[in-house]
Amino acid sequence: QKEVEQNSGPLSVPEGAIASLNCTYSDRGSQSFFWYRQYSGKSPELIMFIYSNGDKEDGRFTAQLNKASQYVSLLIRDSQPSDSATYLCAVQTTDSWGKFQFGAGTQVVVTP
Amino acid sequence: DGGITQSPKYLFRKEGQNVTLSCEQNLNHDAMYWYRQDPGQGLRLIYYSQIVNDFQKGDIAEGYSVSREKKESFPLTVTSAQKNPTAFYLCASRPIGRGNSGTGELFFGEGSRLTVL
């Protein structure tokens, strides 16, 4: 079993709709969770982080964390063509030095 | 501007050659990392370092070597022992320890794309 799992997609979303991305993780003691966006051929850029159970909103993005169920999700509201990218879920494990495990990413395609 | 600089952006290697990828950061971060990304896959950890003159193997260290002689620099050498080195290589850093602010996320360089001919 992979430590961090995401649906690979592609997830096709009409412009203006909500994109919903899911991520599950295996290390129950994981503390910090990050969503990165990666455009083709580019390096990842941080868009959201969440540490506590519940929802966290930042502009059109909402991260949701449920530690009991070991999943973290990302919602993108009012999806725009510029949101077309691969979204990587990263989980910081319980190692003291902060090892990050990445999912394979979900490709999102926003269609006009 | 602070950031992470990787060079070269594109590199071609003949089989049997060693190549070194440069990573320099001016963010004053303690920890530095090297990741490898293959098409359709997530990032896999090659090596990491928390302090100068100390580094640890990640999940796929075979065929790679690193050094950390300065806080700012963490070069990665892809040796001829790495059988399938064609990939996108990402260097990252983050602050750790007391007095560091921020969210604790990884900051990435722009990446180096290595192709074996």
(request) Please give the number of the condition B:A61 fails out of (1) within 14 Å of chain A (Cβ to nearest Cβ); (2) open to solvent by 20 Å² or more (accessible area, probe 1.4 Å); (3) farther than 16 Å from B:L106 by Cα. (result) (2)
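Conditions tested, residue by residue: (1) farther than 30 Å from B:H29 by Cα; (2) within 14 Å of chain B (Cβ to nearest Cβ); (3) of a type in the set (G, A, S).
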position	(1), (2), (3)
A:T62	no, no, no
A:N66	yes, no, no
A:S73	no, no, yes
A:S82	yes, no, yes
A:T93	no, yes, no
A:Q107	yes, yes, no
A:T111	yes, no, no
(request) Residues being more than 8 Å from chain A (Cβ to nearest Cβ) and modelled with pLDDT of 90 or more: count how many of those fall in segment B:89-106. (result) 4
(message) Can you pull out every residue in segment B:14-73 that is over 14 Å from B:L90 (Cα atoms), over 14 Å from the mean Cα position of the chain (by Cα) and among the small types (G, A, S)?
(response) B:G16, B:G40
(message) Please verify whether A:Y71 is aromatic (F, W, Y), without any contact (Cβ under 8 Å) to a residue 60 or more places away in the chain and surrounded by fewer than 15 Cβ atoms within 10 Å (Cβ to Cβ), treating the condition exactly as stated.
(response) no
(message) Between a residue in segment B:31-45 that is without any contact (Cβ under 8 Å) to a residue 24 or more places away in the chain and any residue that is of a type in the set (D, E, K, R), which pairs come within a Cβ distance under 6 Å, given they are 6 or more apart or on different chains?
(response) B:R44/B:R36; B:R44/B:D59; B:L45/B:D59
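Every residue, every condition in (1) closer than 19 Å to B:Q37 by Cβ; (2) touching a strand residue (DSSP E or B) at 6+ places or on another chain (Cβ under 8 Å), yes or no:
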| position | (1), (2) |
| --- | --- |
| A:I50 | no, yes |
| A:N53 | no, yes |
| A:G59 | no, no |
| A:A68 | no, no |
| A:L74 | no, yes |
| A:R77 | no, yes |
| A:S84 | yes, yes |
| A:F100 | yes, yes |
(request) Name the strands (runs of 3 or more DSSP E) wholly inside segment A:37-87 in which the number of residues that are of a type in the set (D, E, K, R) is 2 or more. (result) A:54-58
(message) Restricting to segment B:36-66, count the residues that are in contact with a Gly (Cβ under 9 Å, 6 or more places away or on another chain) and on the phi > 0 side of the Ramachandran plot.
(response) 1
(request) Kindly indicate which of A:E57, A:E5, A:E15, A:E45 is touching a residue at least 40 places away in the same chain (Cβ under 8 Å) and surrounded by fewer than 16 Cβ atoms within 10 Å (Cβ to Cβ). (result) A:E15
(message) I'd like the full set of residues that are under 17 Å from A:S43 (Cβ atoms) and open to solvent by 80 Å² or more (accessible area, probe 1.4 Å), limited to segment B:1-25.
(response) B:D1, B:T5, B:K9, B:Y10
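The values are calculated or read from the model by the stated rules, or taken from the named source; none is laboratory data. Here the structure is a predicted model, which means the values were calculated and not measured. Methodologically, a virtual Cβ is constructed for each residue, glycine included, from the backbone with ideal geometry; neighbour enumeration extends over all protein chains shown. All accessible areas refer to the heavy atoms of the entire protein, side chains included, with ligands and DNA or RNA removed. Shrake-Rupley method; radii C 1.70, N 1.55, O 1.52, S 1.80 Å.
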